[in-house]
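In what follows, a structure is listed as C-alpha cells, so that the remarks can point back to it.
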Amino acid sequence: MVSLISFGVRLRERPERVALLEPLLRQPGGATIGQLMAALGERRDIVSDDLEAMRDEMGLPVRRDPESGTYHLETEAAGGESRPEDCDLALLCRAIALEEYLNVTFTTGAGETRRLHALPGKVRRVRGVRQIKLHERSGAWRMVELAAIREVAEAFGINK
C-alpha cells in the first residue's frame, strides 16, 4: 500500500521527470523506453505512468511508433496545426503540477499578442482543440488554445 506521504512526493517529482523526458522525446527518432528508464533511473512502470500523465493530464502529444518502438512528441497536431516550438511545455506542466504562476504570452483570435501573469489549469480538449484555463490573481480567467501560446516564462519572486 502506498502511503499518502510517498504519493505526494512522487507527484512533486513528476514535473522534474517530465522536464528530463521532454528533450529526449523531441530528439530526432524519439527515444526507446529503455533510454527513458536510463535517463530517469526509474522502473518501467514509473516511466510509463509519466508518459501517460504527459499525454492524458498535461495534454502533450506523446506518441509511440510501433515500428521502431520509440516514443516521441508529435510536432504537428492532428488537425494540421503546428505546435509552437519555442513554448517551454515542461515549464508549463511543472507550473500546473506545482500550482505556480507564470507569465504566458499568447496570440488571440484577432491576431493580437497578449501576456498574462496567471496560474495555468489543466489542459483540456474542447471540440477537438486543446485548451488551457489561465487564472489571474484578480479571479478572472481566460481559456487559451494551447497552440496559441507563444512563450511561457517563470514569474520570479511573485509566485508566493
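Of all residues in the range 25-56, those satisfying the criterion of being over 16 Å from Ile96 (Cα atoms), in contact with a helix residue (DSSP H, G or I) (Cβ under 6 Å, 6 or more places away or on another chain) and buried (at least 19 other Cβ atoms within 10 Å of the Cβ) are Ala31, Leu36, Val47.
Let's see how each residue does on (1) modelled with pLDDT of 70 or more; (2) not in a helix (DSSP H, G or I); (3) not acidic (Asp, Glu):
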| position | (1), (2), (3) |
| --- | --- |
| Ser48 | yes, no, yes |
| Arg55 | yes, no, yes |
| Met58 | no, yes, yes |
| Pro84 | no, yes, yes |
| Leu92 | yes, no, yes |
| Ile96 | yes, no, yes |
| Glu100 | yes, yes, no |
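Taking (1) touching a strand residue (DSSP E or B) at 6+ places or on another chain (Cβ under 7 Å); (2) assigned to a loop (DSSP other than H, G, I, E, B) in turn, Ser138 satisfies each apart from (1).
The values are calculated or read from the model by the stated rules, or taken from the named source; none is laboratory data. Quick caveat, the model's predicted, so the values are computed rather than measured. Cβ atoms come from the backbone with ideal geometry, glycine included; neighbour counts cover every protein chain shown.
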